[in-house]
Amino acid sequence: MHEEDKAAANGCGRIRSGAQNEAALLALMEKTGYSMVQENGQRKFGGPPPGWEGPPPPRGCEVFVGKIPRDMYEDELVPVFERAGKIYEFRLMMEFSGENRGYAFVMYTTKEEAQLAIKILNNYEIRPGKLIGVCVSLDNCRLFIGAIPKEKKKEEILNEMKKVTEGVVDVIVYPNATDKTKNRGFAFVEYESHRAAAMARRRLIPGTFQLWGHTIQVDWADPEKEVDEETMQRVKVLYVRNLMISTTEDTIKAEFNKFKPGVVERVKKLRDYAFVHFFHREDAVAAMSVMNGKCIDGASIEVTLAKPVNKESTWKQHLNGQISPGSENLLGFPNKEDGHQKSLGKPASLQIRLNGQHSPGLPEVERCTYPFFPGIKLTPISIYSLKSSHFSSAAMHLDYFCNKYNWAPPEYYLYSTTSQDGKILLVYKVLIPSIADGSQSYFMPDKLCTTVEGAKELAAQFTLLHL
């Protein structure tokens, strides 16, 4: 077998020579009229394409492509992605060796083309046995700012952020769940561009930067979940935010039934937000218009359509306090203010990755072992100085979360009952003293486990979901 055939069979090694690669790329440029330039570890094809006039395409037009064979280049990739529409820019990440880094970004001229690319090219077999992954790429323009003094108002935070960073467009601040005169200790800062947000993050992130004498926490806010217009046209559930902790589901149902009796099917309230389910979409839309900004029990509420979430991917998302088994897998993210974000005071990089029966389909956390050679220097370290990605346990995540926000550690109380077949079933009740109040003093899942470890994991997971 020839060497080239061997390389192809093994799936490794670059078959084409450098000269062949160059010739193929030149032929592509000649055929399409697009320019190509390599800079900062990436090769840009287009951006803009020939004859383009006006500004670049809006957000939502770019897709991320992963699992690209390392010896595949634009001359093979571009024709594949042109099937979905006109490419504005194709950015292939490159190694110094000349191989690609396994991923790329493709910007189309319209959102519809980007969505079509995801639909027809995700899991596409680009070579025998080689499937690529394609998903939406969001140009994040929002930062999460934590550890903000709770007495600061939106205007004060906005003015301060404009002083220390450039390109600030808006600041989003949520009132405290129990005291509406205070904020929740964090805010979201919206910038005019991804570059402006990245520059601001670079300036603020060292950990020594202070606002009002406080060391702040800075990270990217999780990008908003994109939902296509066709799906949103079928939604008949409203997301209601900024409720009082003491407000009951019955009160919410009664208030939303006032404008037209009997239209509300049911209400599911979680801490200071709720999902209001309607029998008919037109009633949900009308209620949203009427009820947004209304006062319930002294709190001015915000009402938007809830955004559906793909049930299969729900457990793979950042579990950010907005997902509940009782919410029909709906996320309420109004006006881009709650979208897949570091929400409800959560550490910016918090991701929950659980193993076992309570997290079906979740990817395994890396559990590799490495040789420990004599003489390797070991350094004492606190688990709280690690990143949340180092944890595979929900209980550890909850402990990490409480420590990061200077809360007292969670307290676990174990309860048991006996099943019909005589098994001992267990459940933990979790108390977080720092946030306990009259109406939400503890968190307890609605499922029982046969092991102590399983019960503790489920209780921690449940608490993180509902914080």
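The values are calculated or read from the model by the stated rules, or taken from the named source; none is laboratory data. Nothing here was measured: the structure is a model prediction, and the numbers come from that model. All Cβ positions, even for glycine, are placed from backbone atoms using ideal geometry, and neighbour counts span all protein chains on display. Accessible surface is based on the protein model in full, side chains and every heavy atom, while ligands, DNA and RNA are left aside. Shrake-Rupley method; radii C 1.70, N 1.55, O 1.52, S 1.80 Å.
Among the residues of segment 159-174, those identified as part of a strand (DSSP E or B) and not acidic (Asp, Glu) are Val168, Val169, Val171, Ile172, Val173, Tyr174. Filtering segment 194-217 to residues that are out of contact with any strand residue (DSSP E or B) (no Cβ under 8 Å at 6 or more places or on another chain) and open to solvent by 40 Å² or more (accessible area, probe 1.4 Å) leaves His194, Arg195, Met199, Arg202, Arg203, Pro206, Gln210, Trp212, Gly213, His214, Thr215. Can you confirm whether segment 98-111 contains a residue that is assigned to a helix (DSSP H, G or I), open to solvent by 40 Å² or more (accessible area, probe 1.4 Å), out of contact with any Ser or Thr (no Cβ under 8 Å at 6 or more places or on another chain) and closer than 16 Å to Val136 by Cβ? Yes, because at least one residue in segment 98-111 is assigned to a helix (DSSP H, G or I), open to solvent by 40 Å² or more (accessible area, probe 1.4 Å), out of contact with any Ser or Thr (no Cβ under 8 Å at 6 or more places or on another chain) and closer than 16 Å to Val136 by Cβ. None of Tyr400, Tyr415, Tyr428 is surrounded by fewer than 17 Cβ atoms within 10 Å (Cβ to Cβ) and at pLDDT 80 or above except Tyr415. Residues in segment 125-134 that are in contact with a strand residue (DSSP E or B) (Cβ under 8 Å, 6 or more places away or on another chain), in contact (Cβ under 8 Å) with a residue 40 or more places away in the chain and open to solvent by 60 Å² or more (accessible area, probe 1.4 Å): 1 in all.
Residues that are among the basic types (Lys, Arg) and in a strand (DSSP E or B) within segment 17-55 comprise Arg43, Lys44, listed in sequence order. Scanning segment 181-209 for residues that are closer than 22 Å to Glu155 by Cβ and at pLDDT below 80 yields a single hit, Phe209.
Here's the yes/no breakdown for (1) open to solvent by 50 Å² or more (accessible area, probe 1.4 Å); (2) small (Gly, Ala, Ser); (3) more than 26 Å from Pro128 (Cα to Cα); (4) in contact with a strand residue (DSSP E or B) (Cβ under 6 Å, 6 or more places away or on another chain):
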| position | (1), (2), (3), (4) |
| --- | --- |
| Phe45 | no, no, no, yes |
| Arg59 | yes, no, yes, no |
| Lys67 | yes, no, no, yes |
| Ala84 | no, yes, no, no |
| Glu89 | no, no, yes, yes |
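Sort out which residues of segment 448-464 are open to solvent by 20 Å² or more (accessible area, probe 1.4 Å) and either closer than 17 Å to Leu270 by Cβ or acidic (Asp, Glu) (or both), and write them in order of number. Scanning segment 448-464 gives Glu453, Glu457, Phe462. When the residues of segment 378-394 are filtered to those that are outside any loop (DSSP other than H, G, I, E, B) and out of contact with any Asp or Glu (no Cβ under 6 Å at 6 or more places or on another chain), the one that is least open to solvent (accessible area, probe 1.4 Å) is Ser388.
In the condition set (1) at pLDDT below 75; (2) of a type in the set (Lys, Arg); (3) not in a loop (DSSP other than H, G, I, E, B), Arg266 is compliant with all but (1). Among the residues of segment 178-192, some residue qualifies, meaning at least one is open to solvent by 70 Å² or more (accessible area, probe 1.4 Å) and among the hydroxyl-bearing types (Ser, Thr, Tyr).
Of all residues in segment 69-82, those satisfying the criterion of being more than 29 Å from the chain's Cα centre (by Cα) and either among the acidic types (Asp, Glu) or crowded, with 18+ Cβ neighbours inside 10 Å (or both) are Asp71, Met72, Tyr73, Glu74, Asp75, Glu76.
Okay, residues lined up against (1) closer than 19 Å to Gly47 by Cα; (2) modelled with pLDDT under 90; (3) aromatic (Phe, Trp, Tyr):
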position: Leu92; (1), (2), (3): yes, no, no
position: Gly102; (1), (2), (3): no, no, no
position: Phe105; (1), (2), (3): yes, no, yes
position: Lys119; (1), (2), (3): no, no, no
position: Ile126; (1), (2), (3): no, no, no
position: Gly129; (1), (2), (3): no, no, no
position: Cys135; (1), (2), (3): no, yes, no
position: Cys141; (1), (2), (3): no, yes, no
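Hey, any hits in segment 145-157 for a residue that's over 30 Å from Gly185 (Cβ atoms), within 20 Å of the chain's Cα centre (by Cα) and surrounded by 19 or more Cβ atoms within 10 Å (Cβ to Cβ)? The answer is no; no qualifying residue exists. Would you confirm, using the coordinates I've provided, whether Gln20 is open to solvent by 60 Å² or more (accessible area, probe 1.4 Å) and at pLDDT below 90? Yes, satisfied.
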